[in-house]
Each structure stands twice: as C-alpha cells, then as structure tokens.
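The values are calculated or read from the model by the stated rules, or taken from the named source; none is laboratory data. For clarity, every value in this text was computed on a predicted model and none was experimentally measured. Don't worry about glycine lacking a Cβ; one is built from the backbone with ideal geometry, like all the others, and counts go over all protein chains shown. Each accessible area value is taken on the protein alone, full model and side chains, heavy atoms only, with ligands, DNA and RNA left out. Shrake-Rupley method; radii C 1.70, N 1.55, O 1.52, S 1.80 Å.
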Amino acid sequence: MTSSSSVTPKLSDDKRLRSLQALGVLCGFSAGAWLGAAEAPTKLVTAGIAPVVISLMMVIGVFLARWTLPALIQGTSYVRDDVRQAPHLVVWAIVAGCMWAVANTLTIFAIRDIGLSIAFPLWNTNSLLGIFWGFILFNELQRAGMKRWLGVLGGAVVMFGGAVLLTFASATQAPSGHAYRGVLAALGAGALWGTMYIPYRKAYLTGMNPLSFVTFFTIGELGMMTTLALVYSGGAGPLWQQMSGARPVLFWLLLGGFIWVVGDLFQQYAAKYIGISRGIPLSNTNQLWGLLWGILVFGELHGATGSTYTQVIGGSLLMAAGAGAIALSSATGEEHSRWQAAAERESQRYGVDSEYVHARMFGHEHKAVRRRRSWVDWALVGVATLIIVWFGAAARVPQLNLHWGWMAALIIAMGVLLIGCSVALWRLTRFS
C-alpha cells in the first residue's frame, strides 16, 4: 500500500505543475487544429476513390511520419533507451494502433455518407469515453472538488446535446441517402478511439515519452489497415489496381497522414500533462476546424436550409462549449496526487524504475535515456523523403471546387499554433 506522503506533490513542484497544465491546454488546442485539417483529404471519396484506399494511404503517410519525426527530434537511440525502461508498453502501443486503424476507416465511410462537417462532431463523442476511463482506471477527477466535477459532467452533457442536434441535421444532408449508416460509422469510430486512450494513459503514467509510444503505435496501425484493405478489396491484385488508378491523388492522402501525426503528437502531450479526461475533449476542438474546412473550403451545406445551418453550427458550438468547460476544469494538487498514486501502481505492477516514472511525470528527462542521432536516423528521414517525392511527382490537384483563400488562412493559423506549441514544449520539457 502506497503511503500518502509518497504521492503528494512537493511544494516546489506546484509551480511546475501549473506550467505543465498550461502547456497541456496549448497542446490540446494545437492538436485540434491539425487533426481537423488532416481529415480534409478524405473528401476525395467524392472523386470515386474507395474508402479503404484512402485510409490505407493515410496510414502509410502516418507510418512514415511516426518514424521520421521521432528520429529528427530525439533520435532512434532515444526511443530504444526509453522502451527499455517499460518494454511492456510496446504491446499496448500496437493494440492501440490496431484500434486506430479500424476507427479511421469508419470515419471515411461516415464522411462519404453524411459529410465532413457533420461526421466530425459525432465521432468526437470519444471524449465521453475518455472521461469515463480516466476516472475509473487512472484516478482522474478524484479529489478534484465539486466545481471541477460540475465542469466536467456539465460539459459532457452539453457535448451530448450537440451530438444529438447534429444527428438530426445529418438526416437531411447525407450525400448518398444513407444518413443513419454514416451516423453509426461515426459513433463506432468514436467508441474505438475513446477506448484507445487507455493505452495512452498507461504509457504516460508509466513514463514513456509520446515520441517513443507512437513509433510502435504505428506498427499496429499499418498491420491492421493493410489487413482491412486486402479483405475489403478482395485481395492484393484488386487493391493494387485501385491504388494504381488513384495514383495522381495518393500524394495528398500521404500528406493527410503526415498532418494527422503532427496533431496526434500534440494530443499525446495533452493527454500526458492534463490527462485524458481533459486532454481528449480539448483536442476535440478539431470539430470546429473540421466545420471550417468543410463549409469554407469545400462548400459543404451549400444550398442547405436555414434550419439545417442552425442545427449543424449550433450543435458544433454546443459540443465545443462542453469541451471547453471540461478542459478549463484544471487538476488540483490533490487530484494530481491521485495521478501519482496511479503512476506508482503502474510502476510496481510492471517493475518500472520509480525515479524514471516520477521524472517523466514532471516533464524531466531520466539519466537512463539519452538524446543522440546516428546515420540510422538520417537514413530513415532520407527514405521517407524519397517516397514522398516519388508520390509528389505524380500528384495532380483533385477536381474539386475549393476556396483557396480560406484554405490559405486556415493553413497560416495552423502554422502559428505549430510554432508556438513546439517552442513551448521544447523550453519546458525538451519534448519529454
């Protein structure tokens, strides 16, 4: 039984905890912007490309990014040293990757049937599961106080109301006449993603760096997605034919995978420093970015009735307000002590060095993990670059009615968040 004195934050740690929570909130907002933009390439389903091909190519882009970004930022030797401290988390990362691949495929079908601006908020009900699992398994919201409990539960109720409103709106806006099939696909994706956050939180309570976790996460993603694509397409031959026929637009799907990884890394840091009960709802502000991309760039809801606009925009704002209420209910020192108790439980269960766990919880490095790069890292970056250039050489702009001015404005906003959040992460934690 762990004594209370061993898990209560020191007074000298209070200031750093506040700084880390502010960093987690910034990471959540940045994740929302980049995750929202990453789904934009899936609009290519309107160009006749099979959903599984879109999802597979995005996952290939994700695979390239999840190995090259850690190699650039920390080095593969850093990842190796990190995994040695908690090798059991490799299995959890692969399982989480498998769940992500299935969920991502469901989102493609949802977008095809009910559109991007409507599907986004529906699958973002994953935040409700994040709150549940965070409380049940990882001591989140315990000793949080009535005010913060009301903020989280009230926010969850508001988000649910927004989802219901959007479900009614989808019945009149389904492009293919399969509104309820699209709703079920989006909600199924949300359920899988909500459960997927269990391995996330186990990893970060135990001390693993997000850059290390996602490296093995992507093995599950690519393996599961390849299996799904082969089964759905009827074998390797038909799948290859579909990919060859879509070669002029495959580059944009790879790019979508890269964009997703940037957003997902920010989401991982948010989950680490403010927990899944708060970090996941905050990163789910991607629903607003998805709404902006869908309406402003792709012209979704063009010609819709005023009632439909009211339902879609009102439902999205309700869900965003609920997520904001949850995110602003920051963890107190008492609640954080419960997080540390959960971390101690994980370290004892798997035999992980308690000093390593404690250092990583406060955003510090541990002496057992060193940051260095070798020729292997540059080789990974070089191979990934060649693959992207090869696909880029054959790329063609899809025949879609895009509003380029709005697209440029959204990209600039994303760039500002990327730079600001990256600098903050480096200064406070060195990406620990």
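What percentage of all Cα-Cα pairs in region 272-388 are separated by more than 17 Å? Intermediate values should be presented prior to the final figure.
On the way: 4978 of 6786 pairs.
More than 17 Å apart: 73 percent of the Cα pairs in region 272-388.
Please compute one quarter of the surface area of the Cα convex hull for region 61-130 and express it in square nanometres. Numbers along the way, then the final one.
Details: hull surface 25.1 nm².
Answer in nm², one decimal: 6.3.
For the pair HIS364/SER244, report the inter-label distance in nm, with labels modelled 7 Å from Cα in the Cβ direction.
Label-label distance for HIS364 and SER244, simple model: 5.9 nm.
For a Förster distance of 51 Å, can you work out the FRET efficiency between the beta-carbons of ALA393 and HIS88, rounded to the nearest 0.05? Could the numbers behind the result be given before it?
Working: r = 42 Å, r/R0 = 0.83.
The formula returns an efficiency of 0.75 here.
If the only charges are +1 at each Lys and Arg Cβ and -1 at each Asp and Glu Cβ, what is the size of the charge dipole of region 344-432 around the Cα centre, to the nearest 20 debye?
The calculated dipole for region 344-432 is roughly 180 debye.
To test your reading of the geometry: what angle, between 0 and 90 degrees and rounded to tens, separates the Cα axis of helix 179-206 from the longest principal axis of the chain?
On a 0 to 90 degree scale, this one is about 20.
Okay, which of region 398-422 sit inside 20 Å, backbone N to the point 7 Å along the Cα-Cβ direction of LEU296?
Only 400-421 fall inside the zone, counting backbone N under 20 Å.
What Kirkwood hydrodynamic radius do you get for region 293-354 when you take the inverse of the mean 1/r over all pairs of distinct Cα atoms, in Å? Mind dumping the intermediate values first?
On the way: mean 1/r = 0.0634 Å⁻¹.
That comes to 15.8 Å for region 293-354.
If I take R0 = 51 Å and measure r between the Cβ atoms of ARG371 and SER307 in this structure, what FRET efficiency does the formula 1/(1 + (r/R0)^6) give, to the nearest 0.05? Walk me through the intermediate numbers first.
Details: r = 55 Å, r/R0 = 1.09.
About 0.40, to the nearest 0.05.
Quote to one decimal, in nm, the extra length available between TRP426 and TYR180 on full extension: 0.36 nm per residue of separation minus the C-alpha distance between them.
Values: separation 246, 0.36 × 246 = 88.56 nm, distance 4.45 nm.
Between TRP426 and TYR180, full extension yields 84.1 nm more.
With the dipole of the chain worked out from charges on the C-beta (+1 for Lys and Arg, -1 for Asp and Glu) around the Cα centre, which of GLY314, ALA71, LEU250 lies farthest toward the positive end?
ALA71
In Å², and per residue, what accessible area does the chain have when probed at 1.4 Å with the other protein chains present? Each step should come with its number before you reach the end.
Values: 17020 Å² over 432 residues.
Accessible area per residue, the chain: 39 Å².
Work from the charge dipole of the chain (Cβ charges, +1 for Lys and Arg, -1 for Asp and Glu, about the Cα centre) and give the residue of PRO41, ALA271, TYR356 farthest towards its positive end.
Farthest towards the positive pole: TYR356.
For the chain, with only Lys/Arg (+1) and Asp/Glu (-1) charged at the beta-carbon, what is the dipole magnitude about the Cα centre, in debye rounded to 20?
Numbers: 30 positive and 18 negative charges, 136 e Å.
Taking the Cα centre of the chain as origin, the dipole is about 660 debye.
Once you wrap a convex hull around the alpha carbon atoms of the chain, what is its projected area averaged over all directions, in nm²?
Values: hull surface 79.8 nm².
Taking a quarter of the hull surface, the average projection is 20.0 nm².
Rounding to the nearest 10 and keeping the result within 0 to 90°, find how far the Cα-based axis of helix 333-350 lies from the longest principal axis of the chain.
The answer is roughly 90 degrees.
On a 0 to 90° scale, report how tilted helix 247-274 is relative to the longest principal axis of the chain, with both axes built from alpha carbons and the result rounded to the nearest 10.
Approximately 30 degrees, to the nearest 10.
Report the label-to-label distance for GLN348 and ALA236 in nanometres (one decimal), using points 7 Å from each Cα along the Cα→Cβ vector.
5.1
Extension gain VAL95-THR227, at 0.36 nm per residue separation less the Cα-Cα distance, in nm?
Working: separation 132, 0.36 × 132 = 47.52 nm, distance 1.44 nm.
Contour length minus the Cα-Cα distance gives 46.1 nm.
I'd like the carbon and sulfur percentage of the solvent accessible area for the chain, probe radius 1.4 Å, heavy atoms only, ligands and nucleic acids excluded.
Values: 11800 of 17020 Å².
The nonpolar share, carbon plus sulfur, comes to 69 percent.
Per 0.36 nm of contour for each residue apart, how much would the distance between ALA413 and THR385 grow if the chain were fully extended, relative to their Cα-Cα spacing? All intermediate terms of the calculation are to be shown ahead of the outcome.
Values: separation 28, 0.36 × 28 = 10.08 nm, distance 2.52 nm.
My answer for the length gained is 7.6 nm.
Where does the chain land at 222 nm, in deg cm²/dmol rounded to the nearest 500, when only DSSP H runs of n ≥ 4 count, each adding -39500 (n - 2.57), divided by all residues? It would help to have the intermediate numbers written out before the result.
Numbers: 18 runs with 328 residues, N = 432.
My calculation for the chain gives -26000 deg cm²/dmol from helical runs alone.
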